[in-house]
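Structure record follows, encoded as structure tokens.
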């Protein structure tokens, strides 16, 4: 009986991991995300990014977003985002290198964005970052797809 319960516990834990289709990140006024790595399942039909800005500063001074790109594209997309400006959430319009992004939020606010899971491949090399000017150097992390 104990072995059966133990097996069910491991199976349930495995299923919860297999169905991880949400990325939950917090950003603060010190230009830091609370995570350096996040993991999602390759089987997700849709993936949702949830960003909470836990700071107090307004969006114009310390706005944060989450942008997902292939790791090799991060620098170029962040640079192009500066030219796109605040009205475009510092994300270049119709840029095929951008897999997904949230809107910019200021302190105390939150935002979400949902995208097709098929845009990510298991084992791919992806990063998430904040594209507010100057933030991506500190506010970035690895996105693992399993």
* Asked: When the Cα centres of the range 101-122 and the range 126-146 are compared, how far apart do they sit, in Å?
  -> 12 Å
* To do: Could you pull the Rg and Dmax for the chain, using just the Cα atoms, both in Å?
  => 16.7, 63
* Asked: Restricting to the range 21-145, what percent of DSSP beta bridges are antiparallel, rounded to 5?
  -> 65 percent
* For peptides 108-115, 68-75, sequence by mean Cβ density within 10 Å, most packed first -> 68-75, 108-115
* Please give the FRET efficiency for residue 20 paired with residue 95, using the beta carbon to beta carbon distance and R0 = 35 Å, rounded to the nearest 0.05. => 0.85
* Sites residue 35 and residue 87, calculated FRET efficiency, Cβ-Cβ separation with R0 35 Å, nearest 0.05 -> 0.80
* Structure fact -> Ranked from fewest to most other Cβ atoms within 10 Å of their own Cβ, 128, 33 fall in the order 33, 128
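A short reminder: the numbers here are calculations on the coordinates, not readings from a lab. Being a predicted model, the structure only gives us computed values, none of them experimental. Note: ideal-geometry Cβ built from the backbone for every residue, glycine included; neighbour counts use all protein chains shown.
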